[in-house]
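What follows is a single structure, written as structure tokens, with notes after it.
Please treat every number below as a calculation from the coordinates, not as lab data. In this text the structure is predicted, and so the values were computed from the model without any measurement. Cβ: placed from backbone, ideal geometry, glycine included. Neighbour counts: every protein chain shown.
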Amino acid sequence: MTTLTGILEWPQRAEGRIRQFGENVLLERADDPFVPMSFGDQFNLRPGLEVTVQVENKKPRRRRKGKPRTSRPVVESFVAIEGMD
């Protein structure tokens, strides 16, 4: 598992993403970790929070119309939210 810190992007009715900084700019990359919707209920998450998370690569449950299931980074647990453990 990997631990990283970033800013939470949390759209309505969708999985969130953890965006990371690069040279004082917030980067949006294809390999940014996904945040499962279940964490939103558990922690009352909102966009713009600084979070530290543990990430693991997982394969999605469903295939996309004949495409292979490739692993993607998914948040497994929260270490800190806004610096609070």
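I want to confirm something. Restricting to the stretch 12-27 and keeping residues that are assigned to a loop (DSSP other than H, G, I, E, B) and under 12 Å from the mean Cα position of the chain (by Cα), which single residue is surrounded by the fewest Cβ atoms within 10 Å (Cβ to Cβ)?
This residue is A14.
Which of the residues that make up the stretch 39-59 are of a type in the set (G, A, S) and under 12 Å from the mean Cα position of the chain (by Cα)?
First pass over the stretch 39-59, keeping only residues of a type in the set (G, A, S): 40, 48.
The answer is G40, and nothing else.
Within the stretch 53-70, which residues are in contact with an Asp or Glu (Cβ under 9 Å, 6 or more places away or on another chain) and of a type outside the set (A, V, I, L, M)? Don't jump to the end; show me each part of the working.
Restricting attention to the stretch 53-70, the residues satisfying the condition of being in contact with an Asp or Glu (Cβ under 9 Å, 6 or more places away or on another chain) are 53-56, 58.
Listed by number, the residues that qualify are Q54, E56, K58.
Output yes when any residue across the stretch 33-48 is exposed (fewer than 13 other Cβ atoms within 10 Å of the Cβ), assigned to a strand (DSSP E or B) and not aliphatic (A, V, I, L, M), and no when none is.
The answer is no; no qualifying residue exists.
Give me the residue from the stretch 49-75 that is basic (K, R) and either in contact with a Ser or Thr (Cβ under 8 Å, 6 or more places away or on another chain) or surrounded by 10 or more Cβ atoms within 10 Å (Cβ to Cβ) (or both) and, out of that set, nearest to Q12 (Cα to Cα). Let's see the steps before the verdict.
Pass one, the stretch 49-75, residues basic (K, R): 58-59, 61-65, 67, 69, 72.
The next check asks that each one be either in contact with a Ser or Thr (Cβ under 8 Å, 6 or more places away or on another chain) or surrounded by 10 or more Cβ atoms within 10 Å (Cβ to Cβ) (or both); those that pass are 58-59, 63, 69, 72.
Details: K58: 23, K59: 23, R63: 23, R69: 25, R72: 21 Å.
So, considering only residues that are basic (K, R) and either in contact with a Ser or Thr (Cβ under 8 Å, 6 or more places away or on another chain) or surrounded by 10 or more Cβ atoms within 10 Å (Cβ to Cβ) (or both), the one nearest to Q12 (Cα to Cα) is R72.
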